[in-house]
Ligand code: HEM
Ligand code: HEM
């Protein structure tokens, strides 16, 4: 009954970053409803910057960890095309948690401002691209759980039953 899983560190980093990403979308999409210069807008903005910077630090740790620790082998019966698609999606998600915080940091710093508006514009475009990839990622996890019934989710959960 033992199914190979990700190691504990990978699992915790995955869920910590996933939760932090939820905070990023929530804050980024919510502050617009408050007036410019208002207290709630300022607080949401500060949370966005702090949590986004934490994501960047965790992403560096996570990618270094991943490069030195193997993922469990693909579940039995997974087609080559699905395997490649999953690796591509995962690669893009890793890229997202590095590039998006960097663009955010460029947007708010003097150095970033000196190179033009493109970091901010790209940050805004990538918001939607990343949201779409995450949606596909979560849909794939749900599909595995409830359609393929292969319990793939267990590989990314801390319980070892
Ligand atoms: C409710 C939300 C989420 C669910 C249910 C979920 C579920 C999963 C599962 C089950 C796996 C393991 C796949 C496998 O065994 O091959 C996985 C891997 C992964 N997830 Fe998520 N995930 C979620 C959110 C996120 C978010 C927001 C990110 C964005 C950074 C993310 C990034 C990744 C990456 C990069 C991997 C690949 C790990 C590796 O092989 O290195 N996930 N996810
Ligand atoms: C992976 C991490 C991040 C995600 C997912 C993310 C997501 C978002 C979202 C959803 C918005 C609102 C977009 C809209 O109004 O339509 C936004 C805007 C913004 N983000 Fe981020 N963000 C991240 C990291 C950061 C970091 C680290 C910083 C700064 C250090 C930052 C700075 C900004 C700024 C300044 C804006 C507003 C730009 C403007 O309205 O002019 N972001 N981000």
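Rule-based calculations on the coordinates, nothing more; no lab input. Because the structure is predicted, anything quoted here is derived from the model rather than measured. Every residue, glycine as well, gets a Cβ built from its backbone with ideal geometry; the counts of neighbours run over all protein chains shown.
The single residue among 142, 125, 136 that is in a helix (DSSP H, G or I) and touching a helix residue (DSSP H, G or I) at 6+ places or on another chain (Cβ under 7 Å) turns out to be 136.
Restricting attention to the range 112-122, the residues that are in a helix (DSSP H, G or I) and more than 10 Å from ligand 2 (Cβ to nearest atom) total 4. The single residue among 63, 97, 108 that is within 15 Å of ligand 2 (Cβ to nearest atom) and either closer than 17 Å to residue 150 by Cα or over 20 Å from the mean Cα position of the chain (by Cα) (or both) turns out to be 108. Taking the condition of being within 13 Å of ligand 1 (Cβ to nearest atom) and free of Cβ contacts under 8 Å to residues at least 60 places away in the same chain, how many residues in the range 145-158 meet it? Here the count works out to 4.
Out of everything in the range 146-161 that is closer than 17 Å to residue 76 by Cα and under 20 Å from the mean Cα position of the chain (by Cα), what residue ends up being surrounded by the fewest Cβ atoms within 10 Å (Cβ to Cβ)? Ranking the qualifying residues of the range 146-161, first place goes to 153.
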